[in-house]
Number of protein chains: 2
Amino acid sequence: MNSKMNKIEQLAVIGTGVIGNGWIARFLAMGYDVVAFDPAEGAAERTRLAIERAWPSLEQMGLAEGASTARVTFVPTIEEAVKNADLIQENVPEREELKKNVLKSIDQYAKPEAIIASSTSGIKPSTLQEGLQHPARLIVAHPFNPVYILPLVELVGGEATTSSIMERANQFYQSIEMKPLIIQKEIEGHVADRLMEALWRESLHLVNDGIATTEEIDAAIIYGAGLRWAQMGPFLTFHLAGGDKGMRHMLEQFGPALKLPWTKLEAPELTNDLKEKVISGCEVHAGDVPIAELEVKRNEFLVKLLDLVEEYWHEPNKVSS
Amino acid sequence: MNSKMNKIEQLAVIGTGVIGNGWIARFLAMGYDVVAFDPAEGAAERTRLAIERAWPSLEQMGLAEGASTARVTFVPTIEEAVKNADLIQENVPEREELKKNVLKSIDQYAKPEAIIASSTSGIKPSTLQEGLQHPARLIVAHPFNPVYILPLVELVGGEATTSSIMERANQFYQSIEMKPLIIQKEIEGHVADRLMEALWRESLHLVNDGIATTEEIDAAIIYGAGLRWAQMGPFLTFHLAGGDKGMRHMLEQFGPALKLPWTKLEAPELTNDLKEKVISGCEVHAGDVPIAELEVKRNEFLVKLLDLVEEYWHEPNKVSS
């Protein structure tokens, strides 16, 4: 394949709900032409409104040269939408049979070298590759709402996916200012949604058992861990909570708490192997930056963040100014 | 009790690890005198260093008049630490028997009207009240690291706790610029740690099963959900993800996903009762602010946050400037 063939210039979006429209807004802001397809009545008008709502944020973040809300075209068939596309982003509802049928149509009409990226939040790419003529170019590219602002996109290849396809996709999503996370092992729900689901299910249990209201649970996140998680994930956060000895001390001190009846989620056994994976993971991630220095960075960030969020926390009893 | 007796002026901190020192730093910054006790060798010196590390952030957030790092005194016994205190914050290691013994000593020497607040992350206050002479004034006040920056504190009363004690504690923690969350029902792990533990356990499963590294899991949080959770918790976030119909649409569309094998955490059954609790919880929390307006607020916040965090995300391969 020569470099001209590799170039991603024309984009197609199939399925224009909240996620599909989020992709369209991001693609347009990055200066692309987008061809869209959705069989629902009024889809083009809803997309126009969604773009209008997203655009002020995109302007604030900085538009690419030539970016325009007008550069999206709705067409009446999948064939027309995908035939000239270099990358097709699929966002139809999360039902396996429906997704597989739509992906088969896309595969049939798309250029063989075009990348087909499914936004599925749960289905494995190998499942979606079944029955395709060119399964190698089917990947999962799972974004997060609002797609036009949040940088995370999980990239997952299936059994048939080649590393050059993954590399092209990785470069493309980076070029539209995203942070691709390449998931090495297929699993239902990928990684981010498994984590969110665990917290979500526990939240539902707490509401169901009458322990806390939805609003109290939201408060329990935003005023505490939520502030930290915008900068550091759960591992690096606990690495710092362990004091100067980091995660090693943390696991010694709080490891036994895994046996306690907290949460409805059964804990894995904290074997030496798992301990070492967690500790060395944190140490490699921290690099040669000492904990004290990470702590300074964390504190500077949190102080600035607190300044920022006080204006934006949604407190129902606070009259909005 | 007259209002003079209610006034909280003198503070004691028992146990000066990471959490105890965090409390001391916050109390000092708010202009209080603090008397501290910790039996460990070198504790006073470690506290001095911890305050020194915290102080630049506290200065940046704004010190109270007269606030000084010098206004902490270490004393050799629990009796001396607590005898004149109006509020005693206990932070000894998370072992039930140890905590109960220390709390009994505190109870014995403290003024009867003093509030005793335990920082326990997991033990129920009723358990800690067992055997105290004045159990009514024992509460849980569970903070989050770094205590001198994060505003969340979970307040939990035990069976013996009176509502006037809870109200005094609530007012005190608000006065030191915290966001108290009053937990109505005692439960091991309270609320915030149950949520964090669910996410933490799922993270450990993913590492254990070889799906993702600690660094990848951190990335899966910070570049996606973590950004949202600094402003809105899981419920309000999903309320917005449901589009203009909010949580009601969200549960219709994604409720069935609770049956999928995502996460190791078993989901509660989504009964009509639970559905209604969740939907009305979100609707009450949102107040009369329409989803579109919440969305504007969210977007404005996220755009500013992205600007802020880019400087602070810890990427190991990025040379720090």
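Values for this structure:
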quantity	calculated
Residue list for the stretch A:176-215, restricted to those being in a helix (DSSP H, G or I), open to solvent by 10 Å² or more (accessible area, probe 1.4 Å) and either of a type in the set (A, V, I, L, M) or in contact with a strand residue (DSSP E or B) (Cβ under 6 Å, 6 or more places away or on another chain) (or both)	A:M196
Failed item, numbered, when A:T73 is tested on (1) without any contact (Cβ under 8 Å) to a residue 12 or more places away in the chain; (2) in contact with a strand residue (DSSP E or B) (Cβ under 7 Å, 6 or more places away or on another chain)	(1)
Single match in A:Q108, A:Q89, A:Q60, A:Q10 (criterion: surrounded by fewer than 19 Cβ atoms within 10 Å (Cβ to Cβ) and touching a residue at least 40 places away in the same chain (Cβ under 8 Å))	A:Q10
Filtered residue count, the stretch B:142-153, keeping only those that are in contact (Cβ under 8 Å) with a residue 24 or more places away in the chain and either more than 20 Å from B:K124 (Cα to Cα) or facing chain A (nearest Cβ under 7 Å) (or both)	8
Matching residues, the stretch A:94-105, being assigned to a helix (DSSP H, G or I) and either touching a helix residue (DSSP H, G or I) at 6+ places or on another chain (Cβ under 9 Å) or open to solvent by less than 80 Å² (accessible area, probe 1.4 Å) (or both)	A:E96, A:L98, A:K99, A:K100, A:V102, A:L103, A:S105
Subset of the stretch A:63-86 (residues that are among the hydroxyl-bearing types (S, T, Y) and open to solvent by 70 Å² or more (accessible area, probe 1.4 Å))	A:T73
Residue ID - nearest to A:Y223 (Cα to Cα), chosen from residues in the stretch B:233-248 that are open to solvent by 10 Å² or more (accessible area, probe 1.4 Å) and facing another protein chain (nearest Cβ under 7 Å)	B:A241
Test set (1) part of a loop (DSSP other than H, G, I, E, B); (2) within 19 Å of the chain's Cα centre (by Cα) - A:V13 fails condition number	(1)
Hits in the stretch A:266-276 (condition: modelled with pLDDT of 70 or more and open to solvent by less than 80 Å² (accessible area, probe 1.4 Å))	A:P268, A:L270, A:T271, A:L274, A:K275
Qualifying residue in the stretch A:263-274 (condition: closer than 30 Å to B:L302 by Cβ and touching a helix residue (DSSP H, G or I) at 6+ places or on another chain (Cβ under 6 Å))	yes
Qualifying residues in the stretch A:277-305 (those that are under 23 Å from B:A54 (Cα atoms) and among the β-branched types (V, I, T)) - the one farthest from the other protein chains (Cβ to nearest Cβ)	A:I291
In the stretch A:184-199, the residues that are touching a His at 6+ places or on another chain (Cβ under 9 Å) and more than 7 Å from chain B (Cβ to nearest Cβ)	A:H190
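The values are calculated or read from the model by the stated rules, or taken from the named source; none is laboratory data. In this text the structure is predicted, and so the values were computed from the model without any measurement. Please note: Cβ atoms are built from the backbone with ideal geometry, for glycine as well, and neighbour counts cover all protein chains shown. For the accessible areas, the whole protein counts, side chains as well, though only heavy atoms, and no ligand, DNA or RNA atoms are used. Shrake-Rupley method; radii C 1.70, N 1.55, O 1.52, S 1.80 Å.
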